[in-house]
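Student: I have a structure I would like to understand better, so I am pasting it below and will then ask my questions one at a time.
Derivation of every value follows stated rules applied to the coordinates shown; laboratory data play no part. Only a predicted model underlies this, so the values are computations on that prediction, with no experimental measurement involved. Every residue, glycine as well, gets a Cβ built from its backbone with ideal geometry; the counts of neighbours run over all protein chains shown.
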């Protein structure tokens, strides 16, 4: 059995390296009903796919991927899972080109594969598009949340598939407010980690139900 696993892992590495374009990992589930709350795994009735597609082999076991659909949302000690399609992919926009930021359909990711373990890193930015002005001299910008998700998966040669073992999840926070008539006109809040409270730590999440990405 060990020899079979080694052979399968070697073949998979060759597949990734030699024919990277078009190789996909797919997990199917229901979309999260709550777009923002990371502790709410309530599902909607919309069935979607979390899909990683290999777009480039950059060497040394490293790959560029494209993520569509979103990422599994889970909380520790709870078997419920939904797919977060909002914060996991996020928004993008340049005012002079795009006007308001728009929600993306896909986002880039980076992966490392050693023949057995697969590590995928996804970074995204979400905004509430809620900037506004009170009187002429007061203003507030939108809430901006940078997200980082690191997925740790293990290869199953019998399937073939990858089982999700851990997600390291972190959310930051950026916000600007103030008044032109104030001594300090701009008040900027920047928190590198803001999952549950100010300056907390990234979450290390362990699935209690099976989450398998199928190799296609």
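Student: Which angle between 0 and 90 degrees, to the nearest 10, do you get for helix 2-18 versus the longest principal axis of the chain when only C-alpha atoms count?
Tutor: 50
Student: Next question, about the same structure. Can you compute the radius of gyration and Dmax for the range 33-154, using only the Cα atoms, both in Å?
Tutor: Cα radius of gyration and Dmax of the range 33-154 are 17.1, 60 Å respectively.
Student: Same structure again: Take the alpha carbon gyration tensor of the range 149-216, find the square roots of its eigenvalues, order them as a ≥ b ≥ c, and report rounded if a/c is under 1.5; if not, report prolate when a/b exceeds b/c, else oblate.
Tutor: On the way: a/c = 6.16, a/b = 3.62, b/c = 1.70.
It comes out prolate by the Cα gyration axes.
Student: So for each of 95-108, 144-157 I average, over its residues, the number of other beta carbons within 10 Å; can you give me the resulting order with the highest mean first?
Tutor: Highest to lowest by the protection proxy: 144-157, 95-108.
Student: Now for a separate question. Counting only helical runs of four or more DSSP H residues, what would the 222 nm mean residue ellipticity of the chain come to if each run contributes -39,500 (n - 2.57) and the total is spread over all its residues? Show your work: numbers first, answer last.
Tutor: Working: 2 runs with 21 residues, N = 216.
Value at 222 nm, helices only: -3000 deg cm²/dmol.
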